[in-house]
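The values are calculated or read from the model by the stated rules, or taken from the named source; none is laboratory data. The model shown is predicted, which means the values in this text are computed figures rather than measured ones. When we count neighbours, we look across all protein chains shown, and the Cβ atoms used for this are built from the backbone with ideal geometry, even at glycine.
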Amino acid sequence: MRYQVTGKQIDVGTALRSHVEQELGTVVEKYAGRPTDANIVFSRDSHEYVCETVVHLSTGLNAQARAHAHEIYAAFDACVEKMDKQLRRYKRRLKDHHKDRQQPVELSGASSYILARSDDGEDSEPETLQPIIIAEMETKIPSLSVGEAVMQMELAGVPVLVFRNERQESGVNIVYRREDGNIGWIDPN
């Protein structure tokens, strides 16, 4: 497994790097059979250290966790505990769910845009309905089953996931977390 340990305005030393590789490697190999790489980013948020970890699995799924503490090692250990809990929860699905999948998840390219927020008051009319684009990025849309999409959304800790439903030719689907805690699925038919 490849590790990329970086710090945002923090010098990540050799001791921390080896601690990260040893602890994260133990947790990930216990639950996920074939991890490919992991990105660990340390940063400061006022008086606390923040650790963000993303583990890419060979099936195309990602697991991510984020934690903060007053000490950098404590922040990482809390992050690893969250990752352990996520992977333990999905262990059976991670190992058994992809037995019939011969190839990794297929990814297709798409454009992603960040639009400027309008600072106008609610009473004023906008001058134009065309939003201002402030950033344009390339993103990947995975081809998954609905169950895999829900698992990916849970592992990534995101409220919404856009995916292509591999079981149908219906184009882009969306799964999202509803306010009542249930999962919603949008399938354009």
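Could you tell me which of the residues V41, V12, V20 is without any contact (Cβ under 8 Å) to a residue 40 or more places away in the chain, surrounded by 17 or more Cβ atoms within 10 Å (Cβ to Cβ) and touching a strand residue (DSSP E or B) at 6+ places or on another chain (Cβ under 7 Å)?
Working: V12 fails: surrounded by 17 or more Cβ atoms within 10 Å (Cβ to Cβ); V20 fails: without any contact (Cβ under 8 Å) to a residue 40 or more places away in the chain.
Going through V41, V12, V20 in turn, just one is without any contact (Cβ under 8 Å) to a residue 40 or more places away in the chain, surrounded by 17 or more Cβ atoms within 10 Å (Cβ to Cβ) and touching a strand residue (DSSP E or B) at 6+ places or on another chain (Cβ under 7 Å): V41.
Let me confirm something: among R101, R88, R92, which residue is at pLDDT below 80, in the same structural domain as E52 (by TED's automatic domain parsing) and closer than 30 Å to A38 by Cα? It would help to see each step written out before you state the result.
Details: R101 fails: in the same structural domain as E52 (by TED's automatic domain parsing); R88 fails: at pLDDT below 80.
None of the other options fit; the residue is R92.
Does T36 count as closer than 28 Å to S143 by Cβ, surrounded by 15 or more Cβ atoms within 10 Å (Cβ to Cβ) and not aliphatic (A, V, I, L, M)?
Working: closer than 28 Å to S143 by Cβ: yes; surrounded by 15 or more Cβ atoms within 10 Å (Cβ to Cβ): no; not aliphatic (A, V, I, L, M): yes.
When the stated conditions are applied, T36 does not pass them.
In the range 138-189, what residues are part of a loop (DSSP other than H, G, I, E, B), closer than 20 Å to A65 by Cβ and not small (G, A, S)?
The answer is V158, P159.
Based on this model, can you work out whether R117 counts as out of contact with any Cys (no Cβ under 7 Å at 6 or more places or on another chain), part of a helix (DSSP H, G or I) and either modelled with pLDDT under 85 or basic (K, R) (or both)? Before you say what the answer is, go through the steps one by one.
Details: out of contact with any Cys (no Cβ under 7 Å at 6 or more places or on another chain): yes; part of a helix (DSSP H, G or I): no; either modelled with pLDDT under 85 or basic (K, R) (or both): yes.
Judged against the criteria, R117 is not a match.
Determine if the range 6-20 includes at least one residue that is under 30 Å from E148 (Cβ atoms) and either of a type in the set (V, I, T) or over 20 Å from the mean Cα position of the chain (by Cα) (or both). Write out each step before concluding.
Start the filter on the range 6-20 by keeping residues that are under 30 Å from E148 (Cβ atoms), which leaves 6, 20.
Cutting the leftovers down to either of a type in the set (V, I, T) or over 20 Å from the mean Cα position of the chain (by Cα) (or both) gives us 6, 20.
Yes, the range 6-20 has at least one match.
Report yes if Y31 is touching a residue at least 40 places away in the same chain (Cβ under 8 Å), over 30 Å from V146 (Cβ atoms) and among the hydroxyl-bearing types (S, T, Y), otherwise no. Talk me through it step by step, then tell me what you get.
Details: touching a residue at least 40 places away in the same chain (Cβ under 8 Å): yes; over 30 Å from V146 (Cβ atoms): no; among the hydroxyl-bearing types (S, T, Y): yes.
Answer is no for this residue.
All but one of (1) over 22 Å from Y90 (Cα atoms); (2) modelled with pLDDT of 85 or more; (3) not aliphatic (A, V, I, L, M) hold for R177, so report the exception by its number.
(1)
The conditions are (1) over 15 Å from the mean Cα position of the chain (by Cα); (2) at pLDDT 90 or above, and V41 fails exactly one of them. Which is it?
(1)
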